[in-house]
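Here's the structure we're looking at; comments come further down.
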Amino acid sequence: MTGQWHTTHAELAGLAPAWDRALAAGNPDNPFLLADFLQTWAEAFVPDGELRVLTLWEGGELVGGLPLYRARRLSGPRLAVLRPLGLGFANFTEPFYLGPAAAFAAAGMRALHQLPGWSYLSLPLARTPWWVDSDGLRRRESAELTDARIAIDRGAADYVATLRPSMQTNLRRCLRRAAEVGPISLRRETEAAALGEMIAFQLRHNGPDRYPVDKEVAPSRAAWAGFTRQILLRLAAEQRLDAMALRLGGELAAVGFGFRHGPGYKSMLVSYDPRFRHCGPGLLLFFELIEWCWQQGDPYLDMYADGNEFEKRRWCNQFLPLHRLWVFAPTALGRGLYHSHRLWNR
C-alpha cells in the first residue's frame, strides 16, 4: 500500500470520481467525506497549495483517504498544524479505507512520518480508533464526545411517550399553542424557489454566527455564509439534501437541512423564526421529523456531536463514543509538544 499527498484544489477535483467510488465501498455512512463536501469547504477556506490530502493506493486502485490541510495557529506560537477538511462544520473527522484498519493506519502513519512542514495533527471526531503505534510518531487520544441519535422503531407520538414526563408535557404545550396559530405541516422541499427561501431563512436566523471560532480557522461571517449557501445548493443539485420546512398556519416557522447519504436522516442545520418561540418550533420540527423518518423507513435520525448538549440529551436514545486523536511530528518540536500535551492533559 503506497501513500500520495495532494496539495492543490485541482488535484482534489481530479480525485473526486475515484475518491467517491472508494468511499462508497469503505465508509458509506460519512457524508463529510464526500468529494462535493470536501471541495466546497476547501474552496471556501483553504488557500491553494495548503491542502494535504492523503490517498492510499494498492494495485492501481484507491483504497483509502484522509483529507487534511495545513494551517497556522492564530494564537500563541504560530505552529504549522494539520487539521481535517470540514473543520467547524463536519461532525465526523476520520479517514475511509477498504480492508483492515491496521493496514491503512500503518500506511497512513508512514506517510505522515515522511511529510515535512507540520508540528502536530488533530482529528477531534472519529467513530473508531483506527490508528496504530508508529516509530517516530507520538500520539495521544481521548473519547470526550459522543454522537447522539434517535433510533427510530416507532412513530413520533409513541416515541415521545418513552421520553421524560417533563419533555412530554412541554411538547403537548407546544402542539397546543401551535394549533392555535394554524395547521402544522412538515414538507421536504425540492423546488428552487422554496429552497432559496429556506437558505435565506437559515442565514437570517441561525447563520454564520453559529460556527465556533477556531484557533486555526477564523474566516469572516461572509465566508461562512457563502460556504453555507454553496454547500446546500450543491447538495440539492446532487439530490443529497433533505430540506425540511416546518410551517405553522402557512408561515415558515423552522427549517432543517439533512445530508442524504447512506441510511438515516443526518441533521446538519436547524433554525427557527423567534416570532414563533412560544410554540417551541425547534421541538415541533424534531417531533415531525421523527414521524417523517418513521414513514420513510429511516432507521435513525442523527443529531451528531456533542451528545452532552441539552437539546440532544432530551431527544436521543443512542450515544456513541467519538474519539479524538493527536499525532505529533517526528521532530524536536513535535516531541516537545507531545510531552507538553501529556503534562497538561492528564
| Among the residues of region 24-37 satisfying the criterion of being assigned to a helix (DSSP H, G or I) and within 11 Å of the chain's Cα centre (by Cα), which is nearest to Pro263 (Cα to Cα)? | Pro31
| request: Within region 221-269, count every residue that is of a type in the set (Ser, Thr, Tyr) and closer than 22 Å to Ser185 by Cα. | output: 2
| In region 319-327, is there at least one residue being over 23 Å from Trp131 (Cβ atoms), touching a Ser or Thr at 6+ places or on another chain (Cβ under 9 Å) and not assigned by TED's automatic domain parsing to the domain that holds Leu115? | no
| message | One residue is enough: does region 73-86 have a residue meeting the conditions under 30 Å from Leu232 (Cβ atoms), assigned to a loop (DSSP other than H, G, I, E, B) and modelled with pLDDT of 90 or more? | response | yes
| remark: region 255-346: strands (runs of 3 or more DSSP E) wholly inside it with 3 or more residues that are closer than 24 Å to Pro183 by Cβ and modelled with pLDDT of 90 or more are 265-272
| request: Evaluate the following for Arg127: is it among the basic types (Lys, Arg) and within 20 Å of the chain's Cα centre (by Cα)? | output: yes
| query | So which of Phe287, Phe276, Phe328 is within 28 Å of Leu38 (Cβ to Cβ) and crowded, with 20+ Cβ neighbours inside 10 Å? | reply | Phe328
| Does region 43-58 include one or more residues that are outside any loop (DSSP other than H, G, I, E, B), modelled with pLDDT under 95, over 16 Å from the mean Cα position of the chain (by Cα) and polar (S, T, N, Q)? | no
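The values are calculated or read from the model by the stated rules, or taken from the named source; none is laboratory data. Just so we're clear, the structure is a prediction, and the values are computed from it rather than from any experiment. Here Cβ is always computed from backbone atoms with ideal geometry, including for glycine, and neighbour counts include all displayed protein chains.
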